[in-house]
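Below is one structure, written out as structure tokens, with a few remarks after it.
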Amino acid sequence: MKYDVIIIGAGLVGLATAYQCLKKNQNLRILILEKESIVAKHQSGHNSGVIHSGIYYKPKSLKAKNCLEGYDSIINFAKEHDVKYDLCGKIIVATSSEEIPLLENIYNRGRENGLQNLRYLSRDEFREIEPHCEGVKAIKVPQTGIIDYPGIANKIKDLFVALGGEIEFSQLVNNIVENIDRITVITDKKEFITKKLVSCAGLYSDKITKMTNDKNDVIIIPFRGEYYKLKEDKEYLVNHLIYPVPDPNFPFLGVHFTRMIGGGIEAGPNAVLAFKKEGYNFSDFNFSETMHTLTWPGFRKIVAKYGKTGLGEMHRSLSKSAFTNALQKLLPEIQEQDLVPGGSGVRAQACDRNGGLLDDFDIVRNGNIIHVRNAPSPAATSCLAVGNTISELI
Ligand SMILES: Cc1cc2nc3c(=O)[nH]c(=O)nc-3n(C[C@H](O)[C@H](O)[C@H](O)COP(=O)(O)OP(=O)(O)OC[C@H]3O[C@@H](n4cnc5c(N)ncnc54)[C@H](O)[C@@H]3O)c2cc1C
């Protein structure tokens, strides 16, 4: 078996990369290897379902560039292939006057990133959109939307296969051997030979990168994000998307309210250290994965710097009333009994040896091998642009 390109991982990034490559050159023989039996089983199928506008990201970063390009691509793709989406807009709300400078930074960043029609809203103005929301000032981001990401993933898979691409499910990649003229990818069942290799393995990107680069100095720390759902008779409390002002140290923290494309309103996610990479429940535990995190020098530095924040997240995970308190900052009327447990997802957060949490997308190339080492939010929004960037590298 000889391929031009093998891609590890059938999440949105791997699928979009494979599809963009094949669209550029239909003579290529491309194979995706996925350890699960379906596409989008992990981050790509367990997220908030939001199409991000690009307002938060550092100008000129890979996140900003790919989110802005990916935004247009994913909307055009959804339109063309009939995948459900809705550009419902969101508000980012400062709940105290201390948060106003941070809110203004976000507004300015959005303008720098070229977002049109951003608008400050006074309390009275944002309460016309979200009458139950509380705060002092807000930004209206009309570009933000919601979408069916598993629907996008399945559609990309179908188009890729229709163009002659191949996918092998239930193939867990265990090793990669690089020779001068070929790369051998060894799974738990078979061996595959290719000229070029791209890994888009999400939560296991560190493990796969290490197979070809012993000196990889970044690991993935898994952070579970847990959601509650609003009971149906309380859905009237939220019209669209309501977000808090993010902490610049932890842009992924801060529970928000999201209307889902399939119906219902979700509240969350928090961010709790997971003791298993694909551990969707609090009690999920994997000894070697936990030790991998705990013994990483960078992790100890994170604990020293941000331990208190982490404990707060843990507390909100174990205590529904603490989770409700956090939500009441934005929506004072919400009560514990209005919430039922929702789903969860696990974020793959890359962390370096010095305790730095990699903020930007991180794609490393060494000869014929490309590893996507960090593809956190907004990588779902950006997937077609990231796939295009990687296809150009190939
Ligand atoms: C809670 C949460 C909320 C989020 N909300 C949003 C949002 O609203 N909007 C947004 O744009 N982004 C959001 N994100 C981020 C987004 O979901 C991810 O950035 C994106 O899905 C990453 O895609 P991926 O393909 O890199 O990873 P994944 O979807 O995790 O795919 C990786 C794939 O690799 C496979 N794999 C791993 N190891 C192996 C191996 N050894 N052999 C074979 N296959 C392997 C896995 O099984 C998996 O299918 C959120 C993420 C989370 C967790």
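None of the figures in this text is laboratory data; all of them are computed from the coordinates on show. Values in this document were obtained by computation on a predicted structure and should not be read as measured data. Note that we place each Cβ from the backbone using ideal geometry, even for glycine, and neighbour counts take in every protein chain shown.
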Quiz item: Just GLU34, GLU313, GLU178 to compare: in a GNM of the chain, with alpha carbon springs under 10 Å, which one fluctuates most?
Solution: GLU178
Quiz item: Among VAL93, VAL83, VAL346, which one shows the biggest mean-square fluctuation in a GNM of the chain, springs joining Cα atoms closer than 10 Å?
Solution: VAL83
Quiz item: Hey, if you put +1 on the Cβ of every Lys and Arg and -1 on every Asp and Glu Cβ in the range 90-142, which of LEU115, HIS132, PRO101 ends up farthest toward the positive end of that dipole?
Solution: LEU115
Quiz item: ASP284 to ASN25: extension gain in nm, 0.36 nm per residue of separation minus the Cα-Cα distance?
Solution: 89.0 nm
Self-check item: Residues with amide H under 5 Å from that of VAL346, placed H, sequence gap 5 or more
Solution: GLY225
Quiz item: Looking only at ASP72, ASP214, ASP352, which one moves most when the chain is put into a Gaussian network model with springs between Cα atoms under 10 Å?
Solution: ASP214
Exercise. May I ask for the angle, rounded to the nearest 10°, between helix 62-81 and the longest principal axis of the chain, with both axes built from Cα atoms and the value confined to 0 to 90°?
Key: 90
Quiz prompt | Cα-based helix-to-principal-axis angle, 297-318 vs the chain, degrees rounded to 10 | solution = 50
Self-check item: Across LYS137/LYS329; LYS2/LYS215; LYS2/LYS196; LYS308/LYS329, pairs whose alpha-carbon gap is larger than 18 Å
Solution: LYS2/LYS215; LYS308/LYS329
Quiz item: If you take the beta carbon distance between GLU128 and SER96 as r and set R0 to 35 Å, what does 1/(1 + (r/R0)^6) give as a FRET efficiency, to the nearest 0.05?
Solution: 0.95
Quiz item: What 222 nm value per residue comes from the helices of the chain, counting each DSSP H run with n ≥ 4 as -39,500 (n - 2.57) and dividing by all residues, nearest 500 deg cm²/dmol?
Solution: -10500 deg cm²/dmol
Quiz prompt | Size of charge dipole - the range 90-142 - debye, nearest 20, with Cβ of Lys, Arg +1 and Asp, Glu -1, no other charges | solution = 200
Quiz item: For the chain, what relative contact order do you get, as a whole percent, if you take Cα pairs closer than 8 Å and at least 6 residues apart?
Solution: 25
Quiz prompt | Length gained when the stretch GLU80-GLU168 is fully extended (0.36 nm per residue, less Cα-Cα span) | solution = 29.0 nm
Quiz item: Dipole size in debye (nearest 20) for the range 274-378 around its Cα centre, Lys and Arg Cβ +1, Asp and Glu Cβ -1?
Solution: 420
Practice problem: Quick one, can you get me the convex hull of the C-alpha atoms of the range 90-142 expressed as volume per residue in Å³? | Solution: 57
Practice problem: Treat the count of other C-beta atoms within 10 Å as a stand-in for reagent exposure and order SER344, SER321 from fewest to most. | Solution: SER321, SER344
Exercise. Could you work out the per residue convex hull volume over the alpha carbons of the chain, in cubic angstrom?
Key: 133
Self-check item: Across LYS41/LYS277; LYS140/LYS229; LYS63/LYS90, pairs whose alpha-carbon gap is larger than 22 Å
Solution: LYS140/LYS229
Quiz item: Charges only on Cβ, +1 for Lys and Arg, -1 for Asp and Glu: so what's the dipole of the range 1-141 about the Cα centre, in debye to the nearest 20?
Solution: 600
Exercise. Hey, for a label at ASN117 modelled as a point 7 Å past Cα toward Cβ, could you say which residues of the range 137-168 have their backbone N under 20 Å away?
Key: 138-148
